[in-house]
Each structure stands twice: as structure tokens, then as C-alpha cells.
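Visitor: Attaching a single structure in C-alpha cells format; questions to follow.
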Amino acid sequence: MRQSEREWSVFQKRFKKSRAAVFKVAEYIWREKGLGVTIPAMILAPDVSKSVDYIDKGDIICHADNGKNYIVEVKQNSINFTCSDDFPFKSMLVNEVEKADRLDASVYFMVNQNLTHAFMLKTNTKHMWDKKDVPDKQRGDVTPTYVCDLNLGEFIIL
């Protein structure tokens, strides 16, 4: 994966902004699901040329009672939503196809702008996701992205 300087700049901003959402979801999993969690070190590559060496393997690792570990991916959304009634679209963006196919995540949390609610999507529904070319105004490109119908996940209070 090779990033342009513009893509790298956008990634840096999004990376720094994502921390709060990751910690909010980790707290939710610990508090509401009673699972141990680990947040891997969030280290940003020093520059774009070294970014491939810093690819993460998931935002949160959940430790289940059966001894298994599960990867959780967290995506912060720029939309304020609480449920399907106030979500302005019929589908939810999940993740870039390349990233989603690389990770072995068990669940995605798409967190609203205010960090109060999330759309929780288990990846055992992946066979029902669609691929869509999604324009990214900040990066100035179009990216193949997984999208899913809202009925495949659950809106939760964080």
C-alpha cells in the first residue's frame, strides 16, 4: 500500500481523532459486555515512507472467557445519530475493502460524532455487505468500500 502525501496528511488527522472513539468503545465493551480489553499501542509512523511498517492489526482486542481473543475495529463517523430513525442514509459505510479484507475483525463499531452512540456490526454478516466506490473529499479520491444495510447491525448507547 503506497500513500500519497495528501492521503498521508488526511490519515494523520483521522488517526489522531480516532483515539477518543477507540477508548469509548473499549470502555463500553468492558462495562456492558464484561470482557477484558487491550488497546494496542497507537503509534503513528514518522512519515509516509514508513507507513507500511506501522499497519495495525485492529483497534481493540477483546479477551473472552473461553480464552479466545477477538479483534474490534472502530470507525468514527462525522454524523450525529442515535438510531436508524435519525441516521440519514439507508446503509452504513463499514470500511475500505482492502482494510476490511486484511483484518480478521469480529465486530465493527461505527461511532457517532459526539461519541454517545454507535452502530455495532458483527462480521459474520460480511457475506451480506455490498461494495461501493465511495468518494473521499478530503483525500480527493474514490475508494472501494464495504457498505451494509442498517438491519444487519444494532444501534447502541455508548
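Readers should treat all values here as calculations from the given coordinates under stated rules, not as data from a laboratory. Given the structure is predicted, the values throughout are model-derived calculations rather than measurements. So basically every Cβ, Gly included, is an ideal-geometry build from the backbone, and we count neighbours across all protein chains shown.
Visitor: Sequence-distant or interchain residues sharing an amide H contact under 5 Å with Asn95, placed H: which?
Guide: Tyr146
Visitor: Mind listing the phi-derived Karplus ³J(HN,Hα) values for the stretch 105-111, rounded to whole Hz, using 6.51, -1.76 and 1.60 with θ = phi - 60°, and x for any glycine or proline?
Guide: Computed from phi, the couplings for the stretch 105-111 are 5, 8, 8, 10, 10, 9, 9 Hz.
Visitor: Can you pull out the trypsin sites (Lys or Arg not before Pro) in the stretch 78-115 whose DSSP state is coil and whose Cβ has at most 10 other Cβ atoms within 10 Å? Don't skip to the end; give the middle numbers.
Guide: Working: sites: Lys90, Lys99, Arg102; in loops: Lys90.
The qualifying sites are Lys90.
Visitor: Related question: What are the ³J(HN,Hα) couplings of the stretch 85-93, residue after residue, when phi is run through the Karplus curve with 6.51, -1.76, 1.60 and θ = phi - 60°? Round to Hz, x for glycine and proline.
Guide: Using θ = phi - 60°, the values come out as 5, 9, 7, x, 10, 8, 9, 10, 6 Hz.
Visitor: Please list, in chain and number order, the residues 5+ apart from Lys122 or on another chain whose amide H is under 5 Å from its amide H, with Hs placed from the backbone.
Guide: Hits under the 5 Å cutoff: Tyr108.
Visitor: Step through the residues of the stretch 145-150 one at a time and calculate ³J(HN,Hα) from phi using the Karplus curve (6.51 cos²θ - 1.76 cosθ + 1.60, θ = phi - 60°), rounding each to whole Hz and writing x for Gly and Pro.
Guide: Running phi through 6.51 cos²θ - 1.76 cosθ + 1.60 with θ = phi - 60° gives 9, 6, 10, 9, 5, 5 Hz.
Visitor: In which sequence would Asp141, Asp85 go, from the one with the fewest C-beta neighbours within 10 Å to the one with the most? The partial results should precede the final answer.
Guide: Working: Asp141 14, Asp85 7.
Arranged by neighbour count, lowest to highest, Asp141, Asp85 become Asp85, Asp141.
Visitor: Right, here's the next one. What is the distance in Å between the Cα centroid of the stretch 74-105 and that of the stretch 107-158?
Guide: So the separation of the two Cα centres works out to 2 Å.
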